[in-house]
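Undergrad: First the structure, which I've put down as structure tokens, then a few questions once you've had a look.
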Amino acid sequence: MNFKFQIFKFSITLPSILTALMLFSGNTFAGLTIKANHDNIKIDFFYHGSTVSVKGASDPGVDLIIKITSPDGHEVLKQKGKAAGFLWMNTGTLNFEHTPNLYSLHSTKKLEDILSREEAEKYIIGYSALNRHIEIKPVNNESEKATWFKEFIRFKESSKLYAASAGKIAVTLKDGRQEYYILTDWPYQAPPGDYFVTVHAVKDKKVIETAEANVHVEQVGSVKLLAQMAENSAATYGIISILIAVAAGFGVGLIFKKGGAH
Amino acid sequence: MNFMYLYLPVALTSINLLIPVGLGLAVGLLSGLFGVGGGFLMTPLLIMFGIPSSVAAATDSNQIVAASTSGTYAHWKVGNVDFKMGLYLLIGGFIGGLAGVQVIKILKATGNVDFVIKMTYVIMLGIIGTYMFVESLQSMKKAKNQSQESGVKSQESGLTRFLKALPFQTRFEKSGVTHSLLVPLVFGVFVGVLAALMGVGGGFIMVPVMVYILRMPMHVVVGTSLFQILFNCIEVTFLQAYTNHNVDFILAILLLFGSTIGAQVGTKFGRKLKADQLKIILAGIVLVVTVKIIFELTLTPSLLLAQGGGH
């Protein structure tokens, strides 16, 4: 019985180990490495964004693409248009599906010079690939979609949540390995959550290796307490907000009354 | 870490401390001077500084609670609050607010809500601003020539005669006027509907109503308007916090730090100005806001997408 159990255990563990090895080799085989220096960003009262440096090593002679994203979500945005032919106002809402809230992309060279369109779409690299990945509703045709996608990118870039650069990754050769480094601004507009930092090694317009790290952003201390209270104890939060406002109003009134008596 | 910036837990953004404190001070000053909540100025300014629109509107009403408490208290101390009149306007305003919300629902269903709101804004602000401006200019001129025309008695308008003929006439001691109870109630409803439609407290509509229709003295108008705004904003703050979770307490504190002081300074400064001077400055501000809205409506916006929320 003990022997049977051993075989049973072996038959379960061997495929698991092989699968794990295969998965592992898919990500970091040949030693593409990645490390984000700041993998746990804490939001306190004095938080005003941060910086995240991404570094690692790859085989020499490959180009690199670093992508920082949040998981896909959806956004509902107000759409401005002309009413009565000449007045700009909100004319409707647009739903953007499968959109990452944060999308920051950096590459050693211009994307179109180092990556094929198919590969870019497969790994959702670059705004053109993102355009095909995102669904916008309601739009009548592709050109309308393209127009609103362009507006969406402008909207996200204006709040620093989307960014793209080429040639800003520093690359050096050391002991036969290619080391890379980039320092990126982490926008304070990025809400708490989990973010993925992915590096793709690219050769002959194809992604040949991928490695990934995570950045976790969380509220701490009183910021967390207040945010949770606003959400979970809304009535108490509302009453406290009103009472403090009334008390502050009276308080300042009393101070001025004293000041005015002189 | 930068001590000039503070992170806002509900707005989920960081802001330079001086911005909300400075904005609060400026808007509080207007509040103490003219008896307006200043929502029509504050909310767009907050959005301009990166606060999501729904949080900006909700937090502003929280801040107005503090500024109007401070202002009402300062005006009450010098006997400028007509509580009786304020109460009737408040009841009317409450009913009007409920009706206004229903009107918005109907407009939303027809898809015309934004057009109607913007047009109401421009037309109401334009008419009120121009009327106040012209009227106070004329009355300032009249004051200059008063010695020559001192015997001329002002004629009663048709509206005044109609208001006097209404039942339930009662004396409002503090304001020194006699009106039917129905008058503040009905005008309260009217302002309440407009305020709900325009998404603002309605102080800048209420003030002209009290000055020109209810014929109350300007200084009592300011105190009574603040009293009425205080209760309106308490209700709005609670509803916003309870149903939409978008009152940012920290932002409100920064704003009210400026606005409570501004309201006191405004009240003191206002007492040094004559009623006509106050009216003409308010008319000027209302007209500037009207022009700003007209520009916004006609110039191509820099971004064609905006965050959802609000109405």
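Undergrad: Filter region A:39-56 for residues that are surrounded by fewer than 16 Cβ atoms within 10 Å (Cβ to Cβ) and more than 14 Å from chain B (Cβ to nearest Cβ) and give the result.
TA: A:Asp39, A:Asn40, A:Ser53
Undergrad: Among A:Val217, A:Val197, which is in contact with a Gly (Cβ under 9 Å, 6 or more places away or on another chain) and of a type in the set (A, V, I, L, M)?
TA: Residue meeting the stated conditions: A:Val217.
Undergrad: Could you list, in sequence order, all residues of region B:51-93 that are within 11 Å of another protein chain (Cβ to nearest Cβ), surrounded by fewer than 24 Cβ atoms within 10 Å (Cβ to Cβ) and within 14 Å of B:Ser225 (Cβ to Cβ)?
TA: Passing the criteria: only B:Trp76.
Undergrad: Please specify each residue of region B:8-26 satisfying the condition of being free of Cβ contacts under 8 Å to residues at least 60 places away in the same chain and either hydroxyl-bearing (Ser, Thr, Tyr) or part of a strand (DSSP E or B) (or both).
TA: Scanning region B:8-26 gives B:Thr13, B:Ser14, B:Asn16.
Undergrad: Out of curiosity, is A:Gly126 in the same structural domain as A:Val76 (by TED's automatic domain parsing), small (Gly, Ala, Ser) and buried (at least 18 other Cβ atoms within 10 Å of the Cβ)?
TA: It is true that A:Gly126 is in the same structural domain as A:Val76 (by TED's automatic domain parsing), small (Gly, Ala, Ser) and buried (at least 18 other Cβ atoms within 10 Å of the Cβ).
Undergrad: Given the conditions (1) β-branched (Val, Ile, Thr); (2) out of contact with any Asp or Glu (no Cβ under 9 Å at 6 or more places or on another chain); (3) closer than 23 Å to B:Leu87 by Cα, and given that B:Ile261 satisfies all but one, which numbered condition is not satisfied?
TA: Of everything listed in (1) β-branched (Val, Ile, Thr); (2) out of contact with any Asp or Glu (no Cβ under 9 Å at 6 or more places or on another chain); (3) closer than 23 Å to B:Leu87 by Cα, B:Ile261 misses just condition (3).
Undergrad: Of the residues A:Ala164, A:Ala146, which single one is closer than 17 Å to A:Ala190 by Cβ and modelled with pLDDT under 95?
TA: Result: A:Ala164 is the single residue among A:Ala164, A:Ala146 that is closer than 17 Å to A:Ala190 by Cβ and modelled with pLDDT under 95.
Undergrad: Additional query: If only one of B:Leu303, B:Leu256, B:Leu251 is within 22 Å of B:Thr13 (Cα to Cα), in a loop (DSSP other than H, G, I, E, B) and among the hydrophobic types (A, V, I, L, M, F, W, C), which one is it?
TA: B:Leu303
Undergrad: Going by the structure shown, is B:Ala252 in contact (Cβ under 8 Å) with a residue 40 or more places away in the chain, within 22 Å of B:Val78 (Cβ to Cβ) and small (Gly, Ala, Ser)? Don't jump to the end; show me each part of the working.
TA: On the way: in contact (Cβ under 8 Å) with a residue 40 or more places away in the chain: yes; within 22 Å of B:Val78 (Cβ to Cβ): no; small (Gly, Ala, Ser): yes.
So B:Ala252 fails the test.
Undergrad: Just for region A:81-103: of the residues that are closer than 30 Å to A:Trp186 by Cβ and at the interface with another protein chain (Cβ under 8 Å from one of its Cβ atoms), which one is modelled with the lowest pLDDT? Explain how you work it out, then say what you get.
TA: Taking region A:81-103 first, the residues closer than 30 Å to A:Trp186 by Cβ are A:93-103.
Applying the additional criterion that residues be at the interface with another protein chain (Cβ under 8 Å from one of its Cβ atoms) yields A:93-94.
Details: A:Thr93: 86, A:Leu94: 91.
Step by step, filter region A:81-103, then rank; the result is A:Thr93.
Undergrad: Confirm whether A:Leu64 is within 14 Å of chain B (Cβ to nearest Cβ) and touching a residue at least 40 places away in the same chain (Cβ under 8 Å).
TA: no
The values are calculated or read from the model by the stated rules, or taken from the named source; none is laboratory data. Quick caveat, the model's predicted, so the values are computed rather than measured. All Cβ positions, even for glycine, are placed from backbone atoms using ideal geometry, and neighbour counts span all protein chains on display.
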